[in-house]
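Participant: Would you mind keeping the following structure in view while I ask a few things?
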Amino acid sequence: MNYADFRHLAETGDLLLLEGRGLFSTPIRMITGQQASHVAILLWIADGLWVAEMRGQGYTLMRASQRVSEMGEHGQVYWGKAPYRLRWQVNEVRDAALSYRGYRYSWWTLITVWLSQVTRRRMPSNLVCSTLVQRVWSAAGFQFTQTPDPGDFFKLCAAVTPLHTDATE
């Protein structure tokens, strides 16, 4: 799907998933056994589509047109359509996602996420990309049985579509 079509269909709470091929992406995918190495949440703010995510430098908020292109330089990008019950919770999702501005990335949480995958239990965690999305979706009423890694969101989304990353807005 091209960027223009994606932008027209995307809603607050939907996700961007990255099947990365980089220095950090490949080990994440190998350890988790999942397709995705990164996940970010989409937000409509005024007339613009934005991407909220946790990255190495912490919480970031960037225009989707720019971020989709950047992500495409590191691997295949997918659009994950949020579960339908979340798509009605626009204000809750947006408010929760924006409430994490200023938060730092927690490298130690990567271990917690991995342990949760091994034990198949939900564990307390700080913020990495997948736990940010977990907290935002939870604030809108979605229930998780374990702490998700990025690849878990492939199964949790209503639909997942590959994107062409020649974004222009």
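Participant: Mind listing whichever residues of the range 125-155 are touching a Gly at 6+ places or on another chain (Cβ under 8 Å) and open to solvent by 10 Å² or more (accessible area, probe 1.4 Å)?
Facilitator: Selection gives A140, F154.
Participant: Within the range 38-50, can you find the residues that are crowded, with 22+ Cβ neighbours inside 10 Å and of a type in the set (V, I, T)?
Facilitator: Correct list: V39, I41.
Participant: Can I ask one more? Can you tell me how many residues within the range 72-93 are hydrophobic (A, V, I, L, M, F, W, C), open to solvent by 20 Å² or more (accessible area, probe 1.4 Å) and in a loop (DSSP other than H, G, I, E, B)? Explain how you work it out, then say what you get.
Facilitator: Taking the range 72-93 first, the residues hydrophobic (A, V, I, L, M, F, W, C) are 77, 79, 82, 86, 88, 90, 93.
From the residues that got through so far, the ones that are open to solvent by 20 Å² or more (accessible area, probe 1.4 Å) too are 88, 90.
So of that shortlist, the ones also in a loop (DSSP other than H, G, I, E, B) come out as 88.
Going through the range 72-93 one residue at a time, the tally reaches 1.
Participant: If you don't mind, there's one more thing I want to ask. Which one is modelled with the highest pLDDT among residues in the range 36-57 that are hydrophobic (A, V, I, L, M, F, W, C) and assigned to a loop (DSSP other than H, G, I, E, B)? Even if it seems obvious, please write down each step before you answer.
Facilitator: Narrowing the range 36-57 to residues hydrophobic (A, V, I, L, M, F, W, C): 36, 39-46, 49-52, 54.
Next cut, assigned to a loop (DSSP other than H, G, I, E, B) only: 36, 46.
Numbers: A36: 76, A46: 93.
Restricting to residues being hydrophobic (A, V, I, L, M, F, W, C) and assigned to a loop (DSSP other than H, G, I, E, B), the top hit is A46.
Participant: Among the candidates G20, G33, G13, G102, single out the residue that is at pLDDT below 90 and at positive phi. Please lay out each step first, then the result.
Facilitator: Numbers: G20 fails: at positive phi; G13 fails: at pLDDT below 90; G102 fails: at pLDDT below 90.
G33 is the lone residue from the list that is at pLDDT below 90 and at positive phi.
The values are calculated or read from the model by the stated rules, or taken from the named source; none is laboratory data. Everything quoted here is computed from the prediction, not taken from an experiment. Because the Cβ atoms are built from the backbone with ideal geometry, glycine has one as well, and the counts that use them run over all protein chains shown. In case anyone asks, the SASA skips ligands and DNA or RNA and just uses the protein heavy atoms, side chains included. Shrake-Rupley method; radii C 1.70, N 1.55, O 1.52, S 1.80 Å.
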